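Before any comments, here is the structure.
No value in this document is a laboratory result; all are computed from the given coordinates. Just so you know, these numbers come straight off a predicted model, no measurement behind them. Using ideal geometry, Cβ is built from the backbone for each residue, glycine included, and neighbour counts are taken over all protein chains shown.
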Amino acid sequence: MSTPYFTPLITPDVTLAHDPLRLVSHDFDDIYFSADSGLDETELVFIQGNRLAERMGAHKSVRPFVIAETGFGTGLNFLAVLRAWRKLRDDEGSNAPRLHFI
């Protein structure tokens, strides 16, 4: 029998807690995002921390603007970026370059 070329992913031990609603990791005794506001945390840490709105607005190349995120999590970072990108496209019209989110 041969050795597999990859290691299968292990399902995380998480539960959906209520009051406030959040994902809780039992393996790490941690929450996946701010218990107060996941979107505020994404805006501060991911969008502002990486200066994405500024960098997307300054990107004038015909080549796509590319963001590679190492962990998808709940997808909140992607949704916040998509919202910012759509606002940029609305402000600049159809000439805004494409967004590639990996």
Strands (runs of 3 or more DSSP E) wholly inside segment 14-87 containing at least 1 residues that are over 16 Å from ARG98 (Cβ atoms) and out of contact with any Phe, Trp or Tyr (no Cβ under 6 Å at 6 or more places or on another chain): 14-17, 22-25
Residue pairs meeting the criteria (Cβ under 6 Å; at least 6 apart or on separate chains; first at negative phi, in segment 9-28; second part of a loop (DSSP other than H, G, I, E, B) and loosely packed, with under 10 Cβ neighbours inside 10 Å): ASP13/ASP27
Extreme residue, surrounded by the fewest Cβ atoms within 10 Å (Cβ to Cβ), among residues of segment 29-85 that are of a type in the set (Ser, Thr, Tyr) and either touching a residue at least 60 places away in the same chain (Cβ under 8 Å) or closer than 28 Å to LEU16 by Cβ (or both): THR70
